[in-house]
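To keep things clear, I will list the structure first and then write my remarks on it.
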Amino acid sequence: MFTIGSDRLRVEIAEPGEAPNNKSRFDRAGFISDVVLDGAMHFAASEPRNLAHPCSGGRGFCNEFRFDPSAEAQIGEFFPKFGIGLIRKEEDNKYIFHKTYKEIQEFPVNFTHTEQEAVFTTEPILCLGYAIRTVKTISVRDNQMTMVTVTENVGEKGIVMNEFCHNFISIDGMAVGSDYELSLPQCPDLGYDRLNNRRGFSGAMRGAGKGITFCEFTAIDTDFAIQGEDMEQVVPFTWRLSHRGARAYVDGADYFIPKFIAIWGVDHMVSPEVVHEFALAPGESHEWKRTWTFDTY
């Protein structure tokens, strides 16, 4: 683990292969395991274990590339999981994000860092005609963290991919409850009643106008989704997660039009996931940016 930072912000980054950055789901380049404001206020949480699925090892501000060509591989052959490596297919199922796979050929990840910036380059290994090269730059200035990602298709086939940051957030370790509020100014008014989750059942979230809060503490994960076509089509997409008791917040800005936003929470973690979808023909590249601003009030 190494850190980058400023006078106000310390960003802790787990190196590839170092726990918790050693699973088969999250991008191993630039795995941000904690953000600390003014030497005291922590903003990162670990993915809980009391979920409907086994824990997949997420923590803090870690990204995921969602593109699954496993159906094109036979049992015993490899398929690519971008951000991780080539995974040997063990059974006649698609890629399972929480599974521990026995054999992975990891993509080479090279990185350098200064006091305020880290640059990660993930080199490709061609598999099933697919290959991407990714350069991710994480930098800190004052109380803001910025992530710029450039992905280049160096393979033989086109790719349509989703990418998102999981934003596993706990503000000062505070438990899920009505003191948390997620403001979403570009989303529709959600009213103030209890909301149904993505499975159509009543959850622990309720509307807060153009935003979401919680009705009560929940030890069972609860979620909600808003589709991109229901949002204002402006860039950047912005959000704020605040906690009244901690008197602190994180402002997010995603410099693309989201495909959708998935919001879920349980125990001491709230996760607003802003999903970015893009297509790359062979030889094409794509760049996008996210910023997070951390502060107290």
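For the reader, a short list of remarks on this structure follows.
- Filter pass, Pro282 being at pLDDT 95 or above, over 19 Å from Lys210 (Cα atoms) and in a loop (DSSP other than H, G, I, E, B): yes
- Strands (runs of 3 or more DSSP E) completely within the range 191-245 that count 2 or more residues being open to solvent by 10 Å² or more (accessible area, probe 1.4 Å): 194-196, 202-207, 222-227, 237-243
- Evaluating Pro258 against the criteria (1) under 26 Å from Leu37 (Cα atoms); (2) of a type outside the set (Val, Ile, Thr); (3) modelled with pLDDT of 95 or more leaves one unmet condition, (1).
- Which listed residue, of Ala253, Ala248, is surrounded by 16 or more Cβ atoms within 10 Å (Cβ to Cβ), within 23 Å of Val35 (Cα to Cα) and in contact with a helix residue (DSSP H, G or I) (Cβ under 6 Å, 6 or more places away or on another chain): Ala248
- Per the conditions (1) more than 24 Å from Arg240 (Cβ to Cβ); (2) open to solvent by less than 70 Å² (accessible area, probe 1.4 Å); (3) of a type outside the set (A, V, I, L, M); (4) not in a loop (DSSP other than H, G, I, E, B), the sole criterion not satisfied by His98 is (4).
- Of the strands (runs of 3 or more DSSP E) lying entirely inside the range 6-83, those carrying at least 2 residues that are in contact (Cβ under 8 Å) with a residue 60 or more places away in the chain and closer than 26 Å to Val135 by Cα are 9-14, 31-37, 63-66.
- When residues of the range 26-58 are limited to those that are surrounded by fewer than 22 Cβ atoms within 10 Å (Cβ to Cβ) and of a type in the set (D, E, K, R), the one nearest to the chain's Cα centre (by Cα): Asp34
The values are calculated or read from the model by the stated rules, or taken from the named source; none is laboratory data. Note that this is a predicted model, so its numbers are computed, not measured. So basically every Cβ, Gly included, is an ideal-geometry build from the backbone, and we count neighbours across all protein chains shown. These accessible areas exclude ligands, DNA and RNA; they are computed on the full protein's heavy atoms, side chains included. Shrake-Rupley method; radii C 1.70, N 1.55, O 1.52, S 1.80 Å.
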